[in-house]
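Notes follow the structure.
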DNA sequence: CGAAAATGTCACGAAACCGTCACTTTTTCG
DNA sequence: CGAAAAAGTGACGGTTTCGTGACATTTTCG
């Protein structure tokens, strides 16, 4: 998951309270205390969701929502409004302006996290769901399962993602840093040699089916999934 | 499409106006002019969506919404509230009570139909009433009964819905949050780990028939109902 | 009303998984 | 040939994830 959430809130105590809760729930948090900073951050690092307080100095929360909905780039950006209890009218205006949801202060942290998750879930399209087949291997992303000649191959989460990526981009070499970016994630810092270890684990899992040769080492460059050169061993 | 829509509205002129428009749009319309009749109709012929006027004699619209959301059988039922213009507070209360959307009177017929379609679309693709059979299990939604090799399996309501959903979408992984959305319902906020516990209860119920292996854990991803891999233990 | 059933949450322990390291083997190249 | 570089291998500690039993609360129903 590890979604980026931008929190726009001028009361610092509340801002931090929210941030702590979100980070505990596994989100990465960006902070802004007024609309201008928020807009700049959105421009720089397009977050996955923005949590906006209704009361902001300068450009108000609802105006920020309207503005984000108007612009092409941010039109589909999930937005949640924070409103004070009792300001009922505002909430409806917020929803009409294009917010995806709203949360009233004071809020329960659990509800906040639940609503964020719900909104994110609703937005996410299904991608990379096609079944991949090559060299006697069959990888089904929806079922999270790999079959070798009809037999189930036991893979850990990381090995599965690694094989998924390699099979989605076969017959070409991927450097260790590329693999770290695409399989582990951009912002994750791990040693490059970690890739070696997971390649080894993946090979070990394929070995019983005689398919370890599908994952090939290209010395000085990286790894490759290839059916063509697999036989030559 | 041909969805069943129950309209709850005490002003007969408006009720008929709505009914005509909906029928023209291809919906099948049920009518009720107060909450008690509505509840009876919902009990008899579980409609696909209920359109509820805020102002009703006796049990008010919003109380009806709350009640429907509380009860097991109707928790996931799509609800739209009809409110008079200007009654902003009501709308928000309605949404908080669990309505999926609201429409202000006077409304444009086109908007009404559009919102109904939108809410229905957002809903789960209805898990039908058809009998599901897989891996020696037989689930009959109409009878709300599960048979394992001909013998009745004792399941609680939640376990039944969980198994129903899993069997309706077999051979693919469902994350805990997906399951919460589609088995518990969008409006419910419960911990993700709750899913684990119910999976455990479901497995315990299937265990005596040696069918616990049908429900599989996919580490880091969720759960899966699968006949294919069930044997390999 | 009161017993029974169902539900959601928590705490604890076991198992799986991950990243890193030290060491070995293989390859490259002066 | 022999040293250096690159990749393979096995092991280990720490963390995450999941299964399990227990418990309090709510709901159902006689």
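The values are calculated or read from the model by the stated rules, or taken from the named source; none is laboratory data. None of the values given here were measured: they were computed from a predicted structure. Cβ sites come from the backbone with ideal geometry, for glycine too, and all protein chains shown count toward neighbours.
If I ask for residues that are within 14 Å of chain A (Cβ to nearest Cβ) and in contact with a strand residue (DSSP E or B) (Cβ under 8 Å, 6 or more places away or on another chain), which ones from the stretch B:186-201 would you list?
Scanning the stretch B:186-201 gives a single hit, B:195.
For the stretch B:165-185, check the following and say yes or no: at least one residue is more than 26 Å from residue B:101 (Cβ to Cβ), modelled with pLDDT under 85 and out of contact with any helix residue (DSSP H, G or I) (no Cβ under 8 Å at 6 or more places or on another chain).
no
Need the failing condition index for residue A:44 against (1) at pLDDT 75 or above; (2) farther than 30 Å from residue A:213 by Cα; (3) touching a strand residue (DSSP E or B) at 6+ places or on another chain (Cβ under 9 Å), just the number.
(3)
Would you mention how many residues in the stretch B:205-221 are near DNA strand D (Cβ under 8 Å from one of its atoms) and part of a loop (DSSP other than H, G, I, E, B)?
Count: 3.
Within the group B:199, B:188, which residue is within 14 Å of DNA strand D (Cβ to nearest atom), surrounded by fewer than 20 Cβ atoms within 10 Å (Cβ to Cβ) and either assigned to a helix (DSSP H, G or I) or not assigned by TED's automatic domain parsing to the domain that holds residue B:70 (or both)?
So the residue among B:199, B:188 that is within 14 Å of DNA strand D (Cβ to nearest atom), surrounded by fewer than 20 Cβ atoms within 10 Å (Cβ to Cβ) and either assigned to a helix (DSSP H, G or I) or not assigned by TED's automatic domain parsing to the domain that holds residue B:70 (or both) is B:188.
Taking the condition on the phi > 0 side of the Ramachandran plot, away from DNA strand C (no atom under 13 Å from the Cβ) and surrounded by fewer than 17 Cβ atoms within 10 Å (Cβ to Cβ), does residue B:210 pass?
Numbers: on the phi > 0 side of the Ramachandran plot: yes; away from DNA strand C (no atom under 13 Å from the Cβ): yes; surrounded by fewer than 17 Cβ atoms within 10 Å (Cβ to Cβ): yes.
Answer is yes for this residue.
What residue, among those in the stretch B:20-40 that are over 17 Å from residue B:54 (Cα atoms), touching a strand residue (DSSP E or B) at 6+ places or on another chain (Cβ under 6 Å) and without any contact (Cβ under 8 Å) to a residue 40 or more places away in the chain, is surrounded by the fewest Cβ atoms within 10 Å (Cβ to Cβ)? Talk me through it step by step, then tell me what you get.
Quick first cut of the stretch B:20-40, residues over 17 Å from residue B:54 (Cα atoms) only: B:20-30, B:40.
From the residues that got through so far, the ones that are touching a strand residue (DSSP E or B) at 6+ places or on another chain (Cβ under 6 Å) too are B:22-23, B:27-30.
Then drop every residue that is not without any contact (Cβ under 8 Å) to a residue 40 or more places away in the chain, which leaves B:23, B:28-30.
Working: B:23: 12, B:28: 14, B:29: 18, B:30: 19.
Result: B:23.
Residue-by-condition table, conditions (1) part of a helix (DSSP H, G or I); (2) surrounded by 19 or more Cβ atoms within 10 Å (Cβ to Cβ); (3) more than 14 Å from chain B (Cβ to nearest Cβ):
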position	(1), (2), (3)
A:163	yes, yes, yes
A:178	yes, no, yes
A:203	yes, no, yes
A:223	no, yes, yes
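Residues checked against (1) assigned to a loop (DSSP other than H, G, I, E, B); (2) over 22 Å from the mean Cα position of the chain (by Cα); (3) closer than 18 Å to residue B:78 by Cβ:
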site	(1), (2), (3)
B:16	no, yes, no
B:23	no, yes, no
B:31	no, no, yes
B:37	no, no, no
B:41	no, no, yes
B:67	no, no, yes
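Can you tell me which residues in the stretch A:157-172 are closer than 20 Å to residue A:191 by Cβ, touching a residue at least 12 places away in the same chain (Cβ under 8 Å) and within 15 Å of DNA strand D (Cβ to nearest atom)? Steps first, please.
Our first condition is that a residue be closer than 20 Å to residue A:191 by Cβ; within the stretch A:157-172, this holds for A:157-159, A:161-162, A:165-166.
Going one step further and asking which of them are touching a residue at least 12 places away in the same chain (Cβ under 8 Å), we end up with A:158-159, A:161-162, A:165-166.
Matches in the stretch A:157-172: A:158, A:159, A:161, A:162, A:166.
Which one of B:156, B:185 is on the phi > 0 side of the Ramachandran plot and either near DNA strand C (Cβ under 9 Å from one of its atoms) or within 19 Å of the chain's Cα centre (by Cα) (or both)?
None of the others qualify; the one that does is B:185.
From the list A:40, A:31, exactly one residue is in contact with a helix residue (DSSP H, G or I) (Cβ under 7 Å, 6 or more places away or on another chain) and within 20 Å of residue A:187 (Cβ to Cβ). Which is it?
The conditions single out A:31.
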